[in-house]
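As structure tokens, the structure follows; a few thoughts come after it.
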Amino acid sequence: MRRFRSISWTRGFALGVVLSLQPRPAEAHLAKWGSWEITHRNLTRLFPDADPNAWRIKRYIYTEDEVRYLEAELGFELYPEDKTPEFYLASDPAGGFLGVATFIDPRTKPKIFRGGVLTLEVGIGVSARGAINRVQVYDYRGNVALTEPPFLRQLEGRTLASTFAMGSQGGLRPVEGEAEESQLVANAGREALLLMKVALGRRSP
């Protein structure tokens, strides 16, 4: 299995200290994959132009003040795993910084579908400008339209200054019959932007 190389430089985002932590198993808002092969495949779908050998991992521990700020903004308590996030930094073959990716499960409560738990694992790629570059939904067992470009491209270009509400308030069109899941995918986009801003930006709550 290929291992990530940690980094301690600043490029695009203002990066803090890289923490040498082993990833914890996550059954929470942040989704993690069991192998580098799966992770790499999913990252490639977020940044197809990235150098496949140049991915870097950025690990971060939120302070108590940052956790309180995030929980107030998101409207729910963070799981322990959410407080030690991992972000994946993409570079092009020439070494240029492309952006940052993370994976989020936006559910706060499990949902049962056909006798099993319906997972909703969302990958979000954010450009160096701090806008959503691409969104992917992986291995979803509901309406496949939730995973396809006509729906997902609505989130591209959105920032924390944008609205993420479905319908007339936010200008986003939900997938027919999947109103709840559509909103959760949009929520994941906003959550990713917020987590990255606090961990990788210059903001002090």
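If you check 87, 97, 151 for being buried (at least 19 other Cβ atoms within 10 Å of the Cβ), of a type in the set (Phe, Trp, Tyr), closer than 26 Å to residue 37 by Cα and modelled with pLDDT of 95 or more, only one passes: 87. In region 83-95, the residues that are on the phi < 0 side of the Ramachandran plot and aromatic (Phe, Trp, Tyr) reach residues that are at pLDDT 95 or above and part of a loop (DSSP other than H, G, I, E, B) with C-beta atoms within less than 6 angstrom, at least six apart or across chains, in these pairs: 88/55. Residues being under 18 Å from the mean Cα position of the chain (by Cα) and either outside any helix (DSSP H, G or I) or hydrophobic (A, V, I, L, M, F, W, C) (or both): count how many of those fall in region 145-181. Matching residues across region 145-181 total 15. Among the residues here, residue 48 does not qualify as assigned to a loop (DSSP other than H, G, I, E, B) and in contact with a His (Cβ under 8 Å, 6 or more places away or on another chain). Residue 192 fulfils the conditions (1) buried (at least 22 other Cβ atoms within 10 Å of the Cβ); (2) not in a helix (DSSP H, G or I) except for a single criterion, (2). Note on region 135-172: residues that are touching a helix residue (DSSP H, G or I) at 6+ places or on another chain (Cβ under 7 Å) and within 20 Å of residue 121 (Cα to Cα) total 14.
Checked against (1) surrounded by fewer than 18 Cβ atoms within 10 Å (Cβ to Cβ); (2) in contact with a helix residue (DSSP H, G or I) (Cβ under 7 Å, 6 or more places away or on another chain); (3) modelled with pLDDT under 90, residue 29 passes all but condition (1).
The values are calculated or read from the model by the stated rules, or taken from the named source; none is laboratory data. What you are looking at is a predicted structure, and each value in this text was computed from that prediction instead of being measured. All Cβ positions, glycine included, derive from the backbone under ideal geometry; neighbour counts span all protein chains shown.
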